[in-house]
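The values are calculated or read from the model by the stated rules, or taken from the named source; none is laboratory data. For clarity, every value in this text was computed on a predicted model and none was experimentally measured. For neighbour counting, all protein chains shown are included, and Cβ atoms are generated from backbone atoms with ideal geometry for every residue, glycine included.
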Amino acid sequence: MREAVGIAAYLAGEWQIAIAELRAARRMSGTDAHLALLADCERALGRPERALELFRSPEAQRLDTAGRMELLIVAAGARRDLGQDGAALVMLQVPELQTEGAESWLARLRYSYAEALTAAGRDEEARDWFAMSAEADEDGETDAAERVLLLDGFVLGDDFGAEDDGDTADDAVDEDADDLGDDDDERDGGDDAGGVEGSGDDPQEEAEAQAPERPEPVAEGKTDAVQESQAEVDTPGGGRS
């Protein structure tokens, strides 16, 4: 239980809690399996010397290969924290760098070595080791592949690795363009219909333009015959043969 709490605290960045819980688990179980986590917590708290003490402790010598490599990675980082880049590079030159297979620690070990080479100004060698780290990094735990590109001179934008988002955006633009095209078609169709019905002119004005000239209004007092003649003209079709 204390071990699980300690690991959870470590993952959450609660370094002091992680140290207390992992130390308690260590006393209760007698195992040093999480020595690398303890050292990394000390480093995160700004105490790289304590991380190096754990690396040099007798308990560290009893760790299996995975435990020793994880602790070595932390210790090399502690050396860099102290400005001892050359010492970090030397301590990382171990035979395990050439390990074949998919060991869980291999990608991080090679990445740490590549970073030490970069700090030493040996960029060409660093590029090769970042590439080998990327090959071993099946779970994408590091940014080794991006570091290779950067050393090759590529400039990575904020949208690097977001190809799916780019495709989605392109699809959205295409859909918007289709919608605009549909709107234009509808407007064109409306204009054509208007042309058939009267080319957009007022029907009353058109009728008045086509109608024969109307006689003068009948003045008050004119005969009924004159008024009837006027009514026939006013009636559609009236007075026409």
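Any residue in the stretch 74-90 that's part of a helix (DSSP H, G or I): show its pairings with residues that are surrounded by fewer than 18 Cβ atoms within 10 Å (Cβ to Cβ) and polar (S, T, N, Q) at Cβ separation under 9 Å, as long as the two are six or more apart or on different chains.
Ala78/Gln84
Right, Ala102: under 33 Å from the mean Cα position of the chain (by Cα), in the same structural domain as Thr142 (by TED's automatic domain parsing) and not in a helix (DSSP H, G or I) or not?
Considered against the rule, which asks whether it is under 33 Å from the mean Cα position of the chain (by Cα), in the same structural domain as Thr142 (by TED's automatic domain parsing) and not in a helix (DSSP H, G or I), Ala102 comes out as yes.
Which of the residues that make up the stretch 122-148 are within 26 Å of the chain's Cα centre (by Cα), in a helix (DSSP H, G or I) and of a type outside the set (A, V, I, L, M, F, W, C)?
Passing the criteria: Arg127, Ser133, Glu135, Glu146, Arg147.
Considering only the stretch 17-53, how many residues are touching a residue at least 12 places away in the same chain (Cβ under 8 Å) and of a type in the set (Ser, Thr, Tyr)?
Total meeting the criteria: 1.
In this structure, does Asp32 turn out to be modelled with pLDDT under 95, among the charged types (D, E, K, R) and buried (at least 19 other Cβ atoms within 10 Å of the Cβ)?
yes
Taking Glu14 as the residue in question, decide whether it is in the same structural domain as Ala76 (by TED's automatic domain parsing), in contact (Cβ under 8 Å) with a residue 24 or more places away in the chain, over 24 Å from Ala88 (Cβ atoms) and surrounded by 15 or more Cβ atoms within 10 Å (Cβ to Cβ).
no
Does Leu45 satisfy the condition of being buried (at least 22 other Cβ atoms within 10 Å of the Cβ) and farther than 21 Å from Glu103 by Cα?
It is false that Leu45 is buried (at least 22 other Cβ atoms within 10 Å of the Cβ) and farther than 21 Å from Glu103 by Cα.
So is Leu63 of a type outside the set (Lys, Arg), surrounded by fewer than 21 Cβ atoms within 10 Å (Cβ to Cβ) and part of a loop (DSSP other than H, G, I, E, B) or not?
In short, yes.
Across the stretch 44-60, which residue is nearest to Gly30 (Cα to Cα) among those that are of a type outside the set (A, V, I, L, M, F, W, C) and part of a helix (DSSP H, G or I)?
Glu59
Here are some residues: Arg127, Arg122. Which one is outside the structural domain of Ala76 (by TED's automatic domain parsing) and either in contact (Cβ under 8 Å) with a residue 60 or more places away in the chain or surrounded by fewer than 17 Cβ atoms within 10 Å (Cβ to Cβ) (or both)?
Being outside the structural domain of Ala76 (by TED's automatic domain parsing) and either in contact (Cβ under 8 Å) with a residue 60 or more places away in the chain or surrounded by fewer than 17 Cβ atoms within 10 Å (Cβ to Cβ) (or both) holds for just one of Arg127, Arg122, which is Arg122.
Please find, among Glu96, Glu103, Glu115, the residue that is under 25 Å from Phe55 (Cα atoms) and crowded, with 17+ Cβ neighbours inside 10 Å.
Of the residues listed, the single one that is under 25 Å from Phe55 (Cα atoms) and crowded, with 17+ Cβ neighbours inside 10 Å is Glu115.
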